[in-house]
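Readers should treat all values here as calculations from the given coordinates under stated rules, not as data from a laboratory. Here the structure is a predicted model, which is why all the values come from computation and not from measurement. Cβ placement follows ideal geometry from the backbone for every residue including glycine, while neighbour counts extend to all protein chains displayed.
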Amino acid sequence: MNRARLLADHGQSVWLDAISRRLLSSGTLAHYVSDLAVTGLTSNPSILSHAIAGSGDYDEQLRGALRSGVSDPEELVYVLAHWDLSEAAALFLPVFERSHGTDGFVSIEVPPQYAHDTQATLSWARELRARFSEPNVLIKVPGTAEGALAITELIASGIGVNVTLLFSVAHYQRAAEAYLQGLERRLTAGLSLDVPSVASVFVSRWDTAVDPLVPAELQGKTGLAVMRRIYAAYQAVLGSARFEPLRRSGAQPQRLLWASTSTKNPALPDTYYLGRLVAPGTIDTVPEATLLAFDDHGDVEPVLNDELARWDGVLEQITQSGVNLDRVAESLQEQGARAFSADWTTLLETVATRMKG
């Protein structure tokens, strides 16, 4: 039995949280698409750093870019990433077309050091989107307060956005509000509302942060409990009187995407989050190892249809253990932004060294 397809059978899209030249050239990504029901792909600074700095697969293209006059390491990184993501976008184009533009996307992120700079984020997002002729490309923008302002502007201008680094209900609601405001501006201007967006909520980092602070019986539960609450907020947006006129005018929902779904705690199953976060219309973005583990022995045990009160009770117990969930959420977002920025800096340093060699 092909277990990876269980997620798709329950109405959830599976996107791969990986990109590399070897993944494409070996036919591995095509295999995941045809045999494991993978319908999209995400990238981030950490993934690009691992792909480009971790192999010699890009050396020939790097030398060609240098000969053509590219001299800035940041520009060179995006030249290299553009080829990979364009190839992946072409591979997912049939999915995009079959789904009428609701699935089959690839994502590329603005430089992470601009997580708190609205204007720089806008400039980079527009520049990156202009490089791609493929319709199924989303620009990843951090869901900070400053990022939300940029998201509204990008949606209003017709650029699809993957809102990243979301952790809490408040983070999700800020991303949803930015999306709705952008669509409302387009509706007022008489423009098409066919502008895609996903809201990427990080799961396992919650348990990494909270498990050391709570009793054993509560460990491994914070991420699922927070996601259950976020899923309720997502359903409220989709069922709201505010979204209904946008839907009638052609808007698609901003899809909810579960990110950071690999298991960090070795005491938990390696497929712990995947089958539990299944719900129709959502997306699960999955690292390669986790995808293959689920295909081998994963199973579907959904929690998102559980009584919300049950999981709110879990969060109450966690709070009573001394955990300030709001503070943890803000800390996780800032830590994530700093980690991506550090990975980006390391990548630029590696590329700069190769340019000199």
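Here are the numbers for the structure shown:
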{"quantity": "The range 111-250: relative contact order in percent, alpha carbon pairs under 8 Å with at least 6 residues between", "calculated": "20"}
{"quantity": "Least to most buried among Trp258, Trp344 (fewest other Cβ within 10 Å first)", "calculated": "Trp344, Trp258"}
{"quantity": "Other-chain or far-sequence residues with amide H under 5 Å of Ser260's (modelled H)", "calculated": "Val203"}
{"quantity": "Qualifying lysines (Cα of each under 17 Å from Cα of Lys264; at least 8 residues distant if same chain)", "calculated": "Lys221"}
{"quantity": "Pairwise FRET efficiency - Asn324 versus Leu238, Cβ, R0 = 22 Å, nearest 0.05", "calculated": "0.15"}
{"quantity": "Anisotropy class of the range 58-130 from Cα gyration tensor, a/c 1.5 cut", "calculated": "oblate"}
{"quantity": "Where Rh is the Kirkwood radius over Cα pairs, Rg/Rh for the chain", "calculated": "0.96"}
{"quantity": "Local net charge near Ala267, Cβ-Cβ under 15 Å (Lys/Arg +1, Asp/Glu -1)", "calculated": "-2"}
{"quantity": "Length-normalised contact order for the chain - Cα pairs under 8 Å, 6+ apart - percent", "calculated": "22"}
{"quantity": "Selected from Gly336, Gly322, Gly104 as most flexible by GNM, with the chain as the system and alpha-carbon contacts under 10 Å", "calculated": "Gly322"}
{"quantity": "Computed lengthening from Ser55 to His100, 0.36 nm per intervening residue step minus Cα-Cα distance", "calculated": "12.6 nm"}
{"quantity": "Karplus-derived 3J(HN,Hα), 6.51/-1.76/1.60, for each residue of the range 326-337, Hz, glycine and proline x", "calculated": "5, 5, 4, 4, 5, 5, 5, 5, 5, 4, x, 5"}
{"quantity": "GNM top mover of Asp306, Asp284, Asp57 - the chain, alpha-carbon springs below 10 Å", "calculated": "Asp306"}
{"quantity": "Approximate spin-label separation His297-Glu127, in nm, with each point projected 7 Å along Cα-to-Cβ", "calculated": "4.7"}
{"quantity": "Gly40 long-range amide H proximity, modeled H, under 5 Å", "calculated": "Leu16"}
{"quantity": "Range of Cα positions in the range 269-357 per principal axis (Å), largest first", "calculated": "59, 38, 25"}
{"quantity": "FRET efficiency, 1/(1 + (r/R0)^6) with R0 22 Å, evaluated for Asn265 and Ala309 via beta carbons", "calculated": "0.30"}
{"quantity": "For the chain, calculated [θ]222 nm from helices alone, where every DSSP H run of n ≥ 4 adds -39500 (n - 2.57)", "calculated": "-17000 deg cm²/dmol"}
{"quantity": "Estimated FRET transfer efficiency when R0 is 41 angstrom, pair Gln113-Thr208 (beta carbons, to 0.05)", "calculated": "0.95"}
{"quantity": "Per-residue Cβ neighbour rank within 10 angstrom, fewest leading, His171, His31", "calculated": "His31, His171"}
